[in-house]
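The values are calculated or read from the model by the stated rules, or taken from the named source; none is laboratory data. It should be emphasised that the depicted structure is a prediction, and the values quoted were computed from it without experimental measurement. Note that we place each Cβ from the backbone using ideal geometry, even for glycine, and neighbour counts take in every protein chain shown. When the accessible area is computed, the model is the full protein with side chains, heavy atoms only, and any ligands, DNA or RNA have been set aside. Shrake-Rupley method; radii C 1.70, N 1.55, O 1.52, S 1.80 Å.
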Amino acid sequence: MKIYMAPMEGITIYTYRNAYREFFGHVDKYFTPFIAAEGSKRMKKREIKDILPENNKDIKLIPQIISNNAENFVRFAKLLYDRGYDEINLNLGCPSGTVAAKNKGAGFLEKPDALDGFFDHVFRELSYMKISVKTRIGFSDENEIYGLMKIYNRYPIHELIVHPRIRNDYYKHEVRMQKFRYAYDISANPVCYNGNVYSYEDYDNIAGKYTRLEAVMLGRGLIRNPMLAGAIKKGAEATPDMNVLRSFHDRIYAEYKETMPDERVIIYKMKEIWVYMIDLFEDDGFYFRLLKKSDTLSQYNVFVNRIFMECGLRSR
């Protein structure tokens, strides 16, 4: 089974990816946080920095684009192709209100006719590229998956990554596995599963029921426990060695301090990771409150030193 790192805005940028590969590995593909293909003719500087080959050594990286405009998507795809990328991913999964309001991400699922026309243009213009799609099963109704699959099956999608929630679920509703089963059974294209895999047991339940799956994409579960991909590859539950986890953290933290002049931004970026990773620790809420109160680097350093010295890791 192939393991993919999901794109998570603000977290899985090249700094995190490189540290992850160095200390943990076992990921076959890494997906960038989405690149917004707007009317401009070039990518933003931070987006270019995130995909530069020298910033992604020994990493199989797939740039993800978000757009509802076929011409913009094609233009940005060609920019990425010129930089050596022959595979790109379309984001049809982001549930953010500001994104969906513009009919992008999961918001595009509400416009199936426009989506069909988008695909028709994109696949004609980019026949030399691999185009994968990360999708939810609908915008406001899980039964939308029936019409969406008719559209997806009309095109040579390299890989269909299915997160079995609707946009309105965000990440709170239970995954809708009955509708994932439908997509899995009827898909004319290879299917990858994404959603609520937090442990080896979660993965094993999915893999056992969907034996033709070629890949599983890990998001929040992998940020929570960086050993999750390794556990899946090895076939048993695993948690990181505390010293390795501390070194992993310190590597990311040091690079942020070196590249970001504003300590408030550094703290915010580190807190984004800790929102998930703190659940790996046997914390009754004390350390999380300590984290939330960290407004300076010195306060943040106190939190880090205390949690790594005083708090153990959960076994699962």
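Table for the structure above
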{"quantity": "Over the chain: helical MRE at 222 nm, DSSP H runs n ≥ 4 each giving -39500 (n - 2.57), nearest 500", "calculated": "-13500 deg cm²/dmol"}
{"quantity": "Among ALA101, ALA215, ALA188, residue whose mean-square fluctuation peaks in a GNM of the chain (springs only between Cα atoms under 10 Å)", "calculated": "ALA101"}
{"quantity": "Assigned charges on the beta-carbon of Lys, Arg, Asp, Glu; the chain dipole about Cα centre (debye)", "calculated": "360 debye"}
{"quantity": "C-alpha long axis of helix 242-259 to longest principal axis of the chain, angle in °", "calculated": "70 degrees"}
{"quantity": "Pairs beyond 30 Å (Cα-Cα), from LYS104/LYS179; LYS102/LYS130; LYS57/LYS134; LYS49/LYS150; LYS2/LYS293; LYS57/LYS257", "calculated": "LYS49/LYS150; LYS2/LYS293"}
{"quantity": "Carbon + sulfur, % of accessible area of region 92-227 - ligands and nucleic acids excluded, 1.4 Å", "calculated": "47 percent"}
{"quantity": "Within a Gaussian network of the chain (alpha carbon springs, distance under 10 Å), most fluctuating of GLY221, GLY107, GLY25", "calculated": "GLY25"}
{"quantity": "Three-way shape call for region 157-221 based on the alpha-carbon gyration tensor, with the a/c threshold at 1.5", "calculated": "oblate"}
{"quantity": "Per DSSP, loop trypsin sites (Lys or Arg not before Pro) in region 17-65 with at most 10 further Cβ within 10 Å", "calculated": "LYS41, ARG42, LYS57"}
{"quantity": "Signed unit charges on C-beta, dipole axis of the chain, positive-most listed residue ALA101, PRO164, HIS26", "calculated": "ALA101"}
{"quantity": "For region 60-86 versus region 185-223, the gap between their alpha-carbon centres in whole angstrom", "calculated": "25 Å"}
{"quantity": "Trypsin sites (Lys or Arg not before Pro) within region 102-174: DSSP coil, no more than 11 neighbouring Cβ in 10 Å", "calculated": "LYS172"}
{"quantity": "Accessible surface, per residue, of the chain when the full set of protein chains is kept, probe 1.4 Å, Å²", "calculated": "45 Å²"}
{"quantity": "Helix axis angle, 70-82 relative to the chain longest principal axis, alpha carbon, degrees", "calculated": "60 degrees"}
{"quantity": "MET242 accessible area, 1.4 Å probe, all protein chains in place, Å² to nearest 10", "calculated": "50 Å²"}
{"quantity": "Listed residues ASN305, ASN103, ASN194, most fluctuating in the chain (Gaussian network, C-alpha, under 10 Å)", "calculated": "ASN305"}
{"quantity": "Dipole moment magnitude, nearest 20 debye, region 78-151 about Cα centre, only Lys, Arg, Asp, Glu C-beta charged", "calculated": "240 debye"}
{"quantity": "Region 2-107: GluC sites (Glu not before Pro) falling in loop per DSSP and having at most 15 other Cβ within 10 Å", "calculated": "GLU9, GLU38"}
